[in-house]
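The structure appears below as structure tokens.
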């Protein structure tokens with residue numbers, strides 16, 4: 001097999017893995033290429049309960065909206081930090097929505113509409129609430145990762161947990177600076 005044929009196979013195989021991971025359209029090419037069978041990241045619908053995935057997406061979207069709302073009020077370096085955390089939570093939501101699409105074949109539609117942030121609260125109270133929510137989310141992602149058989153999915157969940165732990169640490173620093 002020459003270089004171009006190998007690249008074509010790899011690209012086609014990546015598409016097949018996303019569209020129909022249960023199918024193996026090129027078993028003879030896979031074995032000829034020396035690629036070990038069953039080593040790819042295969043997402044299966046039964047691997048993560050859809051309710052947990054929906055809850056995680058909504059949680060990330062809610063966190064993003066909350067950080068954005070408070071970033072506008074806080075201003076300065078605190079506002080920039082909250083804005084950065086909102087962007088990261090937005091990326092987390094996008095990653096989870098992509099996973100949702102891969103597992104269901106359907107685009108994510110928020111069940112909560114615009115999900116505007118309810119009451120306006122003091123920055124310290126908001127930071128306290130976000131710290132609790134970030135650590136809870138990190139623990140939840142870790143727990144889900146521990147129950148995953150698919151290592152690719154478990155790795156993604158552990159990365160989300162690590163990001164949320166970083167968010168909690170950042171929130172703690174902001175709170176410490178605010179209360180000092």
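The values are calculated or read from the model by the stated rules, or taken from the named source; none is laboratory data. In this text the structure is predicted, and so the values were computed from the model without any measurement. We place every Cβ from the backbone using ideal geometry, glycine too, and count neighbours over all the protein chains shown.
Please state which one of 146, 164 is over 13 Å from the mean Cα position of the chain (by Cα) and modelled with pLDDT of 90 or more.
146
Limited to segment 26-78, what total is found for residues that are surrounded by fewer than 16 Cβ atoms within 10 Å (Cβ to Cβ), over 19 Å from residue 97 (Cβ atoms) and either at pLDDT 60 or above or touching a strand residue (DSSP E or B) at 6+ places or on another chain (Cβ under 8 Å) (or both)?
Adding up the residues that qualify gives 5.
Please name all residue pairs, on different chains or six or more residues apart, with Cβ atoms under 6 Å, provided the first residue is in segment 128-148 and is without any contact (Cβ under 8 Å) to a residue 40 or more places away in the chain and the second residue is assigned to a helix (DSSP H, G or I).
135/168; 138/161; 138/164; 138/165; 142/161; 145/154; 145/157; 145/158
In segment 149-163, what count of residues is obtained for those that are in contact with a helix residue (DSSP H, G or I) (Cβ under 8 Å, 6 or more places away or on another chain) and without any contact (Cβ under 8 Å) to a residue 60 or more places away in the chain?
6
Mind telling me which of the residues 148, 133 ends up being surrounded by 18 or more Cβ atoms within 10 Å (Cβ to Cβ) and closer than 21 Å to residue 93 by Cβ?
133
Out of curiosity, is residue 91 out of contact with any helix residue (DSSP H, G or I) (no Cβ under 7 Å at 6 or more places or on another chain), under 22 Å from residue 69 (Cα atoms) and either part of a helix (DSSP H, G or I) or at pLDDT 90 or above (or both)?
When the stated conditions are applied, residue 91 passes them.
Can you tell me how many residues within segment 94-109 are surrounded by fewer than 18 Cβ atoms within 10 Å (Cβ to Cβ) and modelled with pLDDT of 85 or more?
1
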